[in-house]
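Participant: So that we are looking at the same thing, I have put the structure below in structure tokens.
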Ligand SMILES: [Zn+2]
């Protein structure tokens, strides 16, 4: 009887907790976006704390200025797509970690970029805009809340949450812990296609060359070192990524070629 109640409860949860992504896909949403945003704020502070203590956040003024400038322009475009996100407390931090090729965004627009991504890819502004636009797109499309939902919904996920949190020393529990762990969980290939589609548009509207989306992923695939970059493990390649991005470029060029100053969000 107890088991049946659990099943009924689970089905009820699934029924009430589906949402629709900006591209029209149905999503599992046990964790509401609001709650994901609140939990992510806590998780973000906790995850950045060790870097802050070691003086490894935003410690290169020129790189900080560059990353903030690009991100500010992308966020201004994100707010055009989802106006309510103007109330998010958007943040980006550059983490001084030259070995890590990675970037991520949490629910509510809390983001991080590792110096390894900039250096090892020798990334241009246009390419950085593609990475950051792609990350912003994940947040806009509620993929972070979706991953948290998956982590919290499955028994395996709950067990994994316990194991994975063992060595991190984070003072996080429940949804905040799920928010921190979601950063290291792979997106689905469908979510990747969505983020590619939204990200390239954000970048083009912010004045960044859409063709850089193609060179970015090529560089990412060819980066040397031990094993593939962290970024590729959480952003699995949808089939035909290069072909699909190439097909999007002509539609994006008019946005990119628009004259005039691009708006920017103050970070
Ligand atoms: Zn992605």
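Participant: Quick one: among 102, 187, 119, which has the greatest mean-square fluctuation in a GNM of the chain with alpha-carbon springs under 10 angstrom?
Facilitator: 119
Participant: For the chain, would you read off the P(r) tail past 24 Å as a percentage of all alpha carbon pairs?
Facilitator: So the pairs more than 24 Å apart make up 48 percent of the total in the chain.
Participant: Additional query: What angle do you read, to the nearest 10 degrees and between 0 and 90, between the alpha-carbon axis of helix 189-205 and the longest principal axis of the chain?
Facilitator: Roughly 40 degrees between the two axes.
Participant: Also, I was wondering about something else. Which angle from 0 to 90°, rounded to the nearest 10, does the C-alpha axis of helix 155-164 make with the longest principal axis of the chain?
Facilitator: 60
Participant: Sticking with this one: Given an 8 Å cut-off on Cα distances and at least 6 residues of separation, report the relative contact order of the chain as a percent. Kindly include the intermediate steps, with their values, before the conclusion.
Facilitator: Details: 400 pairs, mean separation 60.2, N = 267.
Relative contact order comes out at 23 percent.
Participant: Further question: Between the range 229-267 and the range 172-218, what is the separation of their alpha carbon centroids in Å?
Facilitator: Cα centroid to Cα centroid, the span is 10 Å.
Participant: Could you work out which residue, out of 45, 19, 182, moves most in a Gaussian network model of the chain, that is, has the largest mean-square fluctuation with Cα springs under 10 Å?
Facilitator: Maximum fluctuation in the GNM of the chain, among the listed residues, is at 45.
Participant: Same structure again: Using the alpha-carbon atoms, what tilt in degrees (0 to 90, nearest 10) does helix 241-257 show relative to the longest principal axis of the chain?
Facilitator: The two axes meet at around 60 degrees.
Participant: Using a 10 angstrom cutoff on alpha carbons, build the Gaussian network for the chain and name the most mobile of 123, 195, 171.
Facilitator: Comparing 123, 195, 171 in a Gaussian network model of the chain, the most mobile one is 171.
Participant: As a test of the formula, what do you get for the chain when each DSSP H run with n ≥ 4 contributes -39,500 (n - 2.57) and the sum is divided by the residue count, at 222 nm and rounded to the nearest 500 deg cm²/dmol? Can you show the working numbers first?
Facilitator: Numbers: 12 runs with 160 residues, N = 267.
My calculation for the chain gives -19000 deg cm²/dmol from helical runs alone.
Participant: Evaluate the distance, in nm, between pseudo-label points positioned 7 Å from the Cα of residue 258 and of residue 49 along their respective Cα→Cβ axes.
Facilitator: Output for this residue pair reads 4.2 nm.
Just so you know, all these numbers are worked out from the coordinates, no wet-lab data involved. For clarity, every value in this text was computed on a predicted model and none was experimentally measured. Methodologically, a virtual Cβ is constructed for each residue, glycine included, from the backbone with ideal geometry; neighbour enumeration extends over all protein chains shown.
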